[in-house]
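Down below is the structure, laid out as structure tokens.
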Amino acid sequence: DVAGTERLAAALAARAVSRRGGGIAWEYYFSFGGGRPPWVSGMAQAVAAQAFARAASLVPDESATLLHEATAAFRAIPRLTTSVSAGPWIRLYSFSPNPVLNAQLQSVLSLGTYAKVTGDSTASTLAGRLEQAAAATVSQFDTGYWTDYSLAGNPSPLSYQRYVVQLLRKLAPADPRFAQAAD
């Protein structure tokens, strides 16, 4: 659906906020989890970069503009990471360094797609480092019968549990630790 893709990409770009360094971000204007607005999400940035890159592949007449938007979305991501002992971790909420599993897994997949479509080696390197950190840390989210939402120890709701298992299965071919965690 080329026309639908163009409409959605234009709507996404229209809602972006310019940031320093030539990047763009999508701000949230409500308080959440102790954070005050405006705040941004590293995972949302990664998904936006992926969405624009995929749209560029589908809409050749707009590919230069869409790839520019994809790159602008990616530029904010390095500042939206924190560190765990195994490496970088995407910040789901810019106001919190608390590692959230679904955000890391989705960001690995989204940045991998963005990097592949655009040939962005910086994004590819970051995606690989995020993936390795996730693989090395995923067991810390395992309660033995369920998955914690974050390293703070709060159990995932059922919908997140299913989402995490789905993401783990997508990543399983890259590392057996993801397959084990999914099982």
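Values as computed for the structure displayed
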read-out	value
Residues satisfying the stated conditions in segment 131-158, i.e. open to solvent by less than 80 Å² (accessible area, probe 1.4 Å) and of a type outside the set (A, V, I, L, M, F, W, C)	131, 137, 143, 144, 147, 148, 149, 150, 153, 154, 156, 157
Whichever residue in segment 94-109 is hydrophobic (A, V, I, L, M, F, W, C) and open to solvent by less than 30 Å² (accessible area, probe 1.4 Å) and, among such residues, is farthest from residue 167 (Cα to Cα)	100
Search result, residues across segment 124-183 that are part of a loop (DSSP other than H, G, I, E, B) and over 21 Å from residue 83 (Cα atoms)	143, 144, 145, 146, 156, 157, 183
Tally, over segment 87-98, of residues that are assigned to a loop (DSSP other than H, G, I, E, B) and in contact with a helix residue (DSSP H, G or I) (Cβ under 7 Å, 6 or more places away or on another chain)	3
Sole residue being within 21 Å of residue 51 (Cβ to Cβ) and in contact with a Leu (Cβ under 8 Å, 6 or more places away or on another chain), chosen from 150, 121, 107	107
The listed residue being without any contact (Cβ under 8 Å) to a residue 24 or more places away in the chain, at positive phi and either surrounded by fewer than 22 Cβ atoms within 10 Å (Cβ to Cβ) or touching a helix residue (DSSP H, G or I) at 6+ places or on another chain (Cβ under 6 Å) (or both), out of 119, 112, 128	119
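Condition check ((1) touching a Gly at 6+ places or on another chain (Cβ under 8 Å); (2) at pLDDT below 95; (3) not β-branched (Val, Ile, Thr)) across all residues:
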{"site": "41", "(1), (2), (3)": "no, no, yes"}
{"site": "48", "(1), (2), (3)": "no, no, yes"}
{"site": "52", "(1), (2), (3)": "no, no, yes"}
{"site": "61", "(1), (2), (3)": "no, yes, yes"}
{"site": "66", "(1), (2), (3)": "no, no, yes"}
{"site": "71", "(1), (2), (3)": "no, no, no"}
{"site": "79", "(1), (2), (3)": "no, yes, yes"}
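The values are calculated or read from the model by the stated rules, or taken from the named source; none is laboratory data. Please read these numbers as outputs of a predicted model, since none were measured by experiment. Positions of Cβ are generated from backbone atoms using ideal geometry, with glycine treated the same way; all protein chains shown enter the neighbour counts. The accessibility values were calculated without ligands, DNA or RNA, using every heavy atom of the protein model including side chains. Shrake-Rupley method; radii C 1.70, N 1.55, O 1.52, S 1.80 Å.
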